[in-house]
Amino acid sequence: MNGIRKQWLFYPDYIIKTTGVNIWIIETKGRMQAGHTKNIDRQVENKFNAFKEYAKKYNLHWGFVRDIDEELYINNTIYTEDMSGDNWIPLDDVLK
C-alpha cells in the first residue's frame, strides 16, 4: 500500500527453475550505465519491500535483477539504487 492506503498490484517478471530444484521469482529493473541509473520505476523500493515480505512469509527464493554494463546483479536484502554496495551480487553467483 502507498501513503494514501491504496493497494497496488505487482506482478514479477520471471519465474526461473535452476538446474537444481530451486525456483526463483525475479523482478527486473533498469540498468546502471556509466555510473547513472536507468531505472524509471518510482515505486521500486515499495515493490522491493513488499516482495521481500511476501517471499519471507512463503519461504521463496526471490530477487530484483539489474545490470551494469551487461552483467546481471541480484539483490534480495536491502534495496539501494546505487549498485556498488554488497547487497548487489552477480547473478551467476546465486543462480547455480
### Query
Length gain on complete extension for the stretch residue 15 to residue 57, per 0.36 nm per residue less the alpha carbon to alpha carbon distance?
13.4 nm
### Task
For each of 27, 70, 53, 45, count neighbouring Cβ atoms within 10 Å of the residue's Cβ, then give the residues from fewest to most.
70, 53, 45, 27
### Message
Once you place label points 7 Å from the Cα toward the Cβ at residue 39 and residue 22, how far apart are they in nm?
### Response
2.1
### Summary
Residues other than residue 41 with Cβ under 10 Å of its Cβ, Lys/Arg counted +1 and Asp/Glu -1, net out at +1
### Message
Using Cα-Cα distances under 8 Å and only pairs 6 or more residues apart, what relative contact order does region 14-94 have, in percent?
### Response
27
### Query
All other residues with a Cβ under 13 Å from the Cβ of residue 54 taken together, and with Lys, Arg as +1 and Asp, Glu as -1, what is their net charge?
+2
### Message
Given axes a ≥ b ≥ c from the Cα gyration tensor, I'd like to know whether region 14-94 is rounded (a/c under 1.5), prolate (a/b larger than b/c) or oblate.
### Response
oblate
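Every number in this text was worked out from the coordinates using simple rules, so none of it is lab data. Remember, predicted model here, so these are calculated numbers, not experimental data. Note that each Cβ is placed from the backbone with ideal geometry, even for glycine, and that neighbours are counted across all protein chains shown.
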